[in-house]
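Below: the structure, in structure tokens.
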Amino acid sequence: MNSKVLLRLLLIFMSVGGSLVCGPLWAQVDEDKTGAWYMYFWNVAAGERKFGLQGDIQHRNWDSGGDLDQLLIRGGLTWQPENGRGLYTLGVAHVTSEPFGPSGDAVREKRLYQEALIPQRVGRRMYLTHRLRFEQRWVDGQDFRLRGRYFFALNVPFNQDTLAAGAHYFSFYNELFVNFNKDIGNGRSVDAFDRNRFYLAYGYSIRDNLRVQFGYMQQETDDIGKGQLQFNVFHSM
């Protein structure tokens, strides 16, 4: 049994009923066509006052380019405690989503989010990240929504002990999305478990503050499973 089937079974088992609001749209998706996500992540490190900034811009396509899935713009204010354990963010996001295929009918969404990011180093070369994010969502044509996300990542450099300049590294993450309210208006509902993302990648540190990654992500919902190529840039200022 492959990982795709296992993820489907897990989501079905954990679901408490209902159907995804975008079910009719997902039903038209060509699951065999690999999509592509182009992403830029930036952050301004917290200084002596422990405050900083971070954000990301993501252009997601249903295919390699041209058929827009989502355009996401996100940014927030960060705070790091004096003990340096964790980074906490209060931010906003704007998302424009389009259905699969030639239709240009867009759905827009505004978000507030709160996030706790906890880094962890295990041994000489295992860099772990735990991230909890709580989102408040205002989606066109829907009632106010709440969602939680848990993200677990692992980076392992294989030519040196750190992720500093010159590091070649392996990257993995898994992220689970959970809806806290099922009813979204006009008799429509969503599942409690929204989606799961599983990702593997190769990364290279160009400089101490600039990394690039190329990888593959499998995203699973109750209705579809679709692969995405990812091109990531991580930039610390």
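The values are calculated or read from the model by the stated rules, or taken from the named source; none is laboratory data. Quick caveat: nothing in here was measured; it's all calculated off a predicted structure. No Cβ is skipped: glycine too gets one built from the backbone with ideal geometry, and neighbour counts run over all protein chains shown.
Condition check ((1) more than 15 Å from Phe231 (Cα to Cα); (2) surrounded by 15 or more Cβ atoms within 10 Å (Cβ to Cβ); (3) among the hydrophobic types (A, V, I, L, M, F, W, C)) across all residues:
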| site | (1), (2), (3) |
| --- | --- |
| Ser171 | no, yes, no |
| Glu175 | yes, yes, no |
| Ile184 | yes, yes, yes |
| Asp194 | yes, yes, no |
| Arg211 | no, yes, no |
| Phe214 | no, no, yes |
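If I filter the range 151-167 for residues that are surrounded by fewer than 14 Cβ atoms within 10 Å (Cβ to Cβ) and under 13 Å from the mean Cα position of the chain (by Cα), do I get at least one hit? There is at least one residue in the range 151-167 that is surrounded by fewer than 14 Cβ atoms within 10 Å (Cβ to Cβ) and under 13 Å from the mean Cα position of the chain (by Cα).
In the range 96-116, which residue that is within 18 Å of Gly65 (Cα to Cα) and crowded, with 18+ Cβ neighbours inside 10 Å is modelled with the lowest pLDDT? Talk me through it step by step, then tell me what you get.
Our first condition is that a residue be within 18 Å of Gly65 (Cα to Cα); within the range 96-116, this holds for 96-106.
Cutting the leftovers down to crowded, with 18+ Cβ neighbours inside 10 Å gives us 97-100.
Details: Ser97: 93, Glu98: 92, Pro99: 89, Phe100: 86.
So the residue we want is Phe100.
Screening Gly65, Gly75, Gly47, Gly18 for residues that are small (Gly, Ala, Ser), surrounded by 12 or more Cβ atoms within 10 Å (Cβ to Cβ) and at pLDDT below 95 leaves exactly one candidate, Gly18.
crowded, with 17+ Cβ neighbours inside 10 Å and either in contact with a helix residue (DSSP H, G or I) (Cβ under 8 Å, 6 or more places away or on another chain) or in contact (Cβ under 8 Å) with a residue 40 or more places away in the chain (or both): does that describe Met237? Reasoning before the result, please.
Details: crowded, with 17+ Cβ neighbours inside 10 Å: no; either in contact with a helix residue (DSSP H, G or I) (Cβ under 8 Å, 6 or more places away or on another chain) or in contact (Cβ under 8 Å) with a residue 40 or more places away in the chain (or both): yes.
When the stated conditions are applied, Met237 does not pass them.
In this entry, Phe144 passes the filter for residues that are modelled with pLDDT of 95 or more, exposed (fewer than 15 other Cβ atoms within 10 Å of the Cβ), of a type in the set (A, V, I, L, M, F, W, C) and closer than 17 Å to Ala93 by Cα.
Can you tell me how many residues in the range 157-187 are among the aliphatic types (A, V, I, L, M), outside any loop (DSSP other than H, G, I, E, B) and touching a residue at least 40 places away in the same chain (Cβ under 8 Å)?
Let us first name the residues in the range 157-187 that are among the aliphatic types (A, V, I, L, M), namely 163-165, 167, 176, 178, 184.
Filter again for outside any loop (DSSP other than H, G, I, E, B), leaving 176, 178, 184.
Cutting the leftovers down to touching a residue at least 40 places away in the same chain (Cβ under 8 Å) gives us 184.
So the count comes out to 1.
Scanning the range 80-89 turns up at least one residue that is of a type in the set (Gly, Ala, Ser), more than 16 Å from the chain's Cα centre (by Cα) and surrounded by 13 or more Cβ atoms within 10 Å (Cβ to Cβ).
Of all residues being touching a strand residue (DSSP E or B) at 6+ places or on another chain (Cβ under 8 Å) and in a loop (DSSP other than H, G, I, E, B) in the range 105-126, which is farthest from Gln160 (Cα to Cα)? Just the residue, please.
To start, the set of residues in the range 105-126 that are touching a strand residue (DSSP E or B) at 6+ places or on another chain (Cβ under 8 Å) comprises 106-122, 125-126.
Next, only the ones that are in a loop (DSSP other than H, G, I, E, B) stay: 106, 125.
Numbers: Ala106: 45, Arg125: 8 Å.
So the residue we want is Ala106.
On the stretch given as the range 50-82, residues that are among the small types (Gly, Ala, Ser) and within 23 Å of Glu135 (Cα to Cα) total 4.
Scanning the range 203-216 for residues that are in a strand (DSSP E or B) and within 20 Å of Thr129 (Cα to Cα) turns up Gly203, Tyr204, Ser205, Leu210, Arg211, Val212, Gln213, Phe214, Gly215, Tyr216. Only residues that are under 20 Å from Phe152 (Cβ atoms), touching a Ser or Thr at 6+ places or on another chain (Cβ under 8 Å) and among the basic types (Lys, Arg) were counted in the range 77-116, giving 0.
For the range 217-237, enumerate the residues that are in a strand (DSSP E or B) and among the polar types (S, T, N, Q).
Here is the first cut: in the range 217-237, the ones in a strand (DSSP E or B) are 217-220, 225-236.
Passing the criteria: Gln218, Gln219, Gln228, Gln230, Asn232, Ser236.
When Leu146, Leu200, Leu154 are checked against the criterion of being in a strand (DSSP E or B) and in contact with a Lys or Arg (Cβ under 9 Å, 6 or more places away or on another chain), a single residue qualifies: Leu146.
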